[in-house]
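Everything below concerns the one structure shown next.
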Amino acid sequence: MFAKITSLGAWCSTAHQIKAAGLKRSKSLFDWNFTPVNTTLNLIENDFHGFFERERLQIVPDRYTVREASGMYVHHIFPRDVEGRIDADQFDAAYPAARDTVADLIQGWRQDLIDPEPRLYVWALTPEWTVGTTARAAAERFMSLIGARAAHPATLLVVQEERWHEPDWGLPNVLQRAVPPYVGPEHMRWTGHEEGWRAIFAGLALAPSLSHAA
């Protein structure tokens, strides 16, 4: 049904669950970062113009992540000290390699846009990450943006926790699914409810692939 699957975030659980299910996915800038939905949409609309320039990056006060001026929190690209915090002393030295990593991910996104094979985009949405818009409006805007830019037929899967799941929006090529709330160790909360995600993928008859991106 779908040649590949692409994560839109809004945080790491989406890419994690796609990968854990063994599904064939494309690497995405949105895989392992925290990205408000309006940030995601604006970056796509502006083709990432100016994104990740050095002056746009700021280490947040607790040093657990880096905020890009677009609103994305870049969580895994920069080196960390023994306490797991961003190493401020090594930040500038690490920036060129981080910039190259981001540039490769952006170029990969652009290459994916010209791939004609059907693609599924997956977006986990919560009220925390939809501030300033609604999940429905975000989905509608994304489909408009991707429809104007991509050579492939696109389907969007929106996953919301059961307590926030909304009635069917009736949007073409947009699927809505609910997942139970995470139960388990607090430090693994970011992964989401694995059984719930697996049930969603199984319900869509998505077949595992032996090869998938890291």
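Helix 91-113 and the longest principal axis of the Cα set of the chain meet at an angle near 20°. Taken as Cα centroids, the stretch 149-184 and the stretch 51-117 sit 27 Å apart, rounded to the nearest whole angstrom. When the Gaussian network model of the chain links Cα atoms closer than 10 Å, the mean-square fluctuations of A139, A150, A202 top out at A202. Comparing P181, P96, Q58 along the charge dipole axis of the chain, the residue lying farthest to the positive side is P181, per the Cβ-charge model. The sum of -39500 (n - 2.57) across all DSSP H runs of n ≥ 4, divided by the residue count of the chain, sets its helix-only mean residue ellipticity at 222 nm to -9500 deg cm²/dmol. Say we join alpha carbon atoms closer than 10 Å with springs in a Gaussian network model of the chain; which of P118, P61, P79 then has the biggest fluctuation? Largest GNM mean-square fluctuation: P61. Largest GNM mean-square fluctuation among E68, E83, E45, using the chain with Cα springs under 10 Å: E83. Checking every one of the chymotrypsin sites (Phe, Trp or Tyr not before Pro) in the stretch 45-99 against DSSP loop status and a limit of 14 other Cβ atoms within 10 Å picks out Y64. Couplings for the stretch 82-90, taken from phi via the Karplus curve 6.51 cos²θ - 1.76 cosθ + 1.60 with θ = phi - 60°, read 5, 8, x, 9, 4, 7, 4, 5, 9 Hz in order; Gly and Pro are left as x.
Electrostatic tally near L145: other residues with Cβ closer than 13 Å to its Cβ, Lys and Arg +1, Asp and Glu -1, net -1. Relative to the Cα centre, the charge distribution of the stretch 82-214, modelled as +1 at Lys and Arg Cβ and -1 at Asp and Glu Cβ, gives a dipole magnitude of about 460 debye.
Other residues within the sphere of radius under 10 Å centred on the Cβ of Y64, judged by their own Cβ, net out at +1 (K and R +1, D and E -1). Close amide H pairs (under 5 Å, H built 1.01 Å from N) link Y64 with I86, residues at least 5 positions away or on another chain. When only the Cβ of Lys, Arg, Asp and Glu is charged (+1, +1, -1, -1), the dipole of the stretch 54-109 relative to its Cα centre reaches about 160 debye. Computed over the chain, relative contact order equals 26 percent, with contacts defined as Cα pairs under 8 Å that lie 6+ residues apart. Rounded to the nearest 5, the antiparallel percentage of DSSP beta bridges internal to the chain is 30%.
Expressed as a rounded percentage, what relative contact order does the stretch 54-109 have, with Cα pairs under 8 Å and six or more residues apart? It comes to 24 percent, rounded to a whole number.
Every number in this text was worked out from the coordinates using simple rules, so none of it is lab data. If you're wondering where the values come from, they're calculated on a predicted model, not measured in any experiment. Every residue, glycine among them, receives a Cβ derived from its backbone with ideal geometry; neighbour counts consider all protein chains shown.
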